[in-house]
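Trainee: Take this structure, written in structure tokens, and hold onto it; I'll ask about it next.
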Amino acid sequence: MPVPVVAISAHSAVKNVTNIVLDHATAVEQALAHLVALGHRRIAFMRGPHAIPDSEIRWKAIQKVARAMRLAIDPALVIRIDAAGWSMKHNYHPMAPEIGYKPMQALLERTRDFTAIFCFNDIAAIGAIRALKDAGLSVPGDVSVVGFDDIQSAEYATPSLTTVASRSSRWPPRRAGAARAHRRQQQGPAHRNRHGPGADRPRVHRPRPQLATRTVPHPFAIFPANGWEATDV
């Protein structure tokens, strides 16, 4: 009898495994719509490291959403958390703000022709904010910063970080979605067979993200709370 498995942020279709994955397209749409509503057009992007599958999936979502919004992505404003920034072999922890500080610092050495940056995660965003401040720039006065994950420290960063809530342990839908998927798996073959042929096929549960807006230079549109709804496919 197969062991019930629930995988978070997994993207492989495996029989009897329920994958819980983020709706990257909606997450990106919320973040970019927020920045565009604030008047930003020159937006920099900090991509995730090659080692994380979500990096490429989210980047594709960014490109697709930007095209739909007619928002140009300047390759000169695209930076990336490199392999060195994601390995403890290089004298700093992969979840330290330095993973965002160094790429942001390198971008600032090349150009300051941007007014916002969308970072791969909150840790990187906090590092980017420090690099911007060290360069004499104000956040959000000169540059707006949006993170991803809504970790607990995001609210207490200086300034508080606007971010897309996704995998944080304090995000209720994550726990609810995992529990729901786990219950389905625990119900076993007898339950799944009642649902007809193909009931054992891989399942995907997609909790909807929510933009947590905090420090902004002027009023903006608040995204509806129904972003917490989840869909199954």
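Trainee: Considering only residues that are modelled with pLDDT under 90 and aliphatic (A, V, I, L, M), look in the stretch 157-174 and name the one that is surrounded by the most Cβ atoms within 10 Å (Cβ to Cβ).
Mentor: ALA165
Trainee: Next up: Please count how many residues of the stretch 142-158 are of a type outside the set (A, V, I, L, M, F, W, C) and either within 15 Å of the chain's Cα centre (by Cα) or closer than 14 Å to ALA116 by Cβ (or both).
Mentor: Residues that pass the stated criteria total 6.
Trainee: Which residue pairs have Cβ atoms closer than 7 Å, lie 6 or more positions apart in sequence or on different chains, and pair a first residue in the stretch 27-43 that is part of a loop (DSSP other than H, G, I, E, B) with a second residue that is of a type in the set (Ser, Thr, Tyr)?
Mentor: LEU38/SER144; HIS40/THR115; HIS40/SER144; ARG42/THR115
Results for (1) modelled with pLDDT of 95 or more; (2) closer than 25 Å to THR111 by Cβ; (3) charged (D, E, K, R), shown as yes or no for each residue.
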{"position": "HIS11", "(1), (2), (3)": "no, no, no"}
{"position": "VAL17", "(1), (2), (3)": "no, no, no"}
{"position": "ALA25", "(1), (2), (3)": "no, no, no"}
{"position": "ILE43", "(1), (2), (3)": "yes, yes, no"}
{"position": "HIS50", "(1), (2), (3)": "no, yes, no"}
{"position": "TRP59", "(1), (2), (3)": "yes, yes, no"}
{"position": "VAL65", "(1), (2), (3)": "yes, yes, no"}
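The values are calculated or read from the model by the stated rules, or taken from the named source; none is laboratory data. Computed from a prediction, not measured in an experiment: that's the story for all the values here. Every residue, glycine as well, gets a Cβ built from its backbone with ideal geometry; the counts of neighbours run over all protein chains shown.
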